[in-house]
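Participant: Provided herewith is a single structure, encoded as structure tokens, for subsequent inquiry.
The values are calculated or read from the model by the stated rules, or taken from the named source; none is laboratory data. Please read these numbers as outputs of a predicted model, since none were measured by experiment. Positions of Cβ are backbone-derived with ideal geometry, glycine not excepted, and every protein chain shown enters the neighbour counts.
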Amino acid sequence: MDGGPSLGQTDQTAARLAAEEAYHAEVERNLRRNFAANLAHGLLGQTGFRLVTAPTFVPAYIYLLSGSEFAVGLALASQWLGNALSSTLGATLVEHRRRVLPMGMLVGWGMRGGVLGLALSGYFLPDHWALIFACVFLCMFGLFNGVQSVIFQLLLAKVIPLRLRGRLTGFRNFAAGLTASGVAYLGGKYFVEAHALGNGYATTFLVAFVLTSIGLSTLMFVREPEAPEVRAPTSFALRMRQIPDLLREDKELTHFYIASGLAALGTLAVPFYVLYAGHSIGLSGTTLGILSTAFLLSQTGANLLWGSIADHAGNRLVFLLSVGLWAAATVLLMTVHSLWPLVVVFAGLGAGQAGFQNSTQNMILEFGVREDLAMRIAIMNTATSAMMALGPLLGGFIAHGSSFTVVFSVSAATLALAFGLVLFFVKEPRQRGLFR
């Protein structure tokens, strides 16, 4: 016997290759439709969600209700704690499914329920109860977001080929940033400052709910192919026990997780950017709108640049450039005390954070094989969300006991560590040839 493959093995290999070719042919056949649907979903969804996640409206709202920096940190931490707790659950919910969009739609509506609850509690509850329920609904938002982010990143990897992902995410975020900046300015000037419908912050969150709901509905137009190979259904506990093996097998992936977690810890300063600006120059509704617009417009323009760099040179370079910019803007923030220099700093912060988010979301898709993709995404989301939950609490303690300057210094230091770790210990994953 020559020890070669048996006839049955040859047939199985041929069948797998044929299934892969059919899968990629279906992706190409529906590419224009799916590209447009993902673009519309991102445009409307991110426009709305940025009104909740931008470092302006929610921190200012929580501070208005509580008068406490620690309460601001606690509220933001509750959101990211929910995200961290649910990401790995999201992976186990979908990694055995040949289609993931139906589950994504269900979870997406739950996420939007958190935004609606945030708005309604502001309208109908007194301040002390509104503060408690704001934390509850932000946690709910985070819990569903942790699951949804895994599902929708997996969906993106299925329906958009690698050669176009950077341009899609870049242009999607560009369009969303453009509209979000306009909505943010209107929210600050005409909702918050004018106390629209009796509570300008609640009205802003209600607009966010409407926009994100329309965006989610556009995903019904996506034609998702069935994955040719998926993992067998596995219990949540067993998959958790397999995570250490996944990390040991790929040291560069592990280093990337650590670097991303360190950069995410740098968000400990995010809730306090706008509070620092308020102490420096005062915080009227107009000022809040201007700073929100600067932050979101910079994300808008930068996303086109980050997407182009990612498609031509890889997401590792985007990570390095954006984290470096974020750290530099954080240091500069400690030196400015008037409106227009603060506008420039907020623009740098927005551009840096946009590149960090884009690079981590796309680069994690390029490590390893498809069958482990959902879990790789989940571990990334857990690592970054856990640090984003710890960050506001840590930042709140530091701000309450020391100063904003110390908060910003710690943030810049963690960003510098993340930069160094990727620079010296993580290579561009596209050079490894493990993806298609």
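Participant: What residue, of VAL270, VAL323, VAL318, VAL336, is under 22 Å from ASN381 (Cα atoms), out of contact with any Phe, Trp or Tyr (no Cβ under 9 Å at 6 or more places or on another chain) and among the β-branched types (Val, Ile, Thr)?
Facilitator: VAL270
Participant: Right, something else. Based on what the data block shows, is THR254 of a type in the set (Val, Ile, Thr) and more than 23 Å from ALA383 (Cα to Cα)?
Facilitator: no
Participant: A further question on this structure: I'm told ALA386 meets every condition in (1) modelled with pLDDT of 85 or more; (2) small (Gly, Ala, Ser); (3) under 28 Å from LEU164 (Cβ atoms) except one. Can you identify the failing condition by its number?
Facilitator: All conditions are met except number (3).
Participant: Look through segment 291-346, keep the residues that are in a loop (DSSP other than H, G, I, E, B) and among the β-branched types (Val, Ile, Thr), and return whichever of them is surrounded by the most Cβ atoms within 10 Å (Cβ to Cβ).
Facilitator: VAL336
Participant: Return a yes/no flag: does segment 59-76 have any residue that is crowded, with 24+ Cβ neighbours inside 10 Å, closer than 22 Å to ARG172 by Cβ and at pLDDT below 85.
Facilitator: No: segment 59-76 contains no residue that is crowded, with 24+ Cβ neighbours inside 10 Å, closer than 22 Å to ARG172 by Cβ and at pLDDT below 85.
Participant: Filter segment 196-248 for residues that are assigned to a helix (DSSP H, G or I) and charged (D, E, K, R); which is modelled with the highest pLDDT?
Facilitator: ARG248
Participant: Give the residues of segment 297-324 that are of a type in the set (Gly, Ala, Ser) and modelled with pLDDT of 90 or more, sorted by residue number.
Facilitator: SER322, GLY324
Conditions tested, residue by residue: (1) under 14 Å from THR267 (Cα atoms); (2) within 16 Å of the chain's Cα centre (by Cα); (3) acidic (Asp, Glu).
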position	(1), (2), (3)
GLN46	no, yes, no
THR53	yes, yes, no
THR56	yes, no, no
PRO59	yes, no, no
TYR63	no, no, no
LEU76	yes, yes, no
LEU81	yes, yes, no
LEU85	no, yes, no
THR88	no, yes, no
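Participant: Out of all the residues in segment 359-366, is one or more under 22 Å from PRO59 (Cα atoms) and in a helix (DSSP H, G or I)?
Facilitator: So far as segment 359-366 goes, no, none of its residues is under 22 Å from PRO59 (Cα atoms) and in a helix (DSSP H, G or I).
Participant: Still on this structure, I have one more. Of all residues in segment 84-131 being in a loop (DSSP other than H, G, I, E, B) and surrounded by 17 or more Cβ atoms within 10 Å (Cβ to Cβ), which is modelled with the lowest pLDDT?
Facilitator: GLU95
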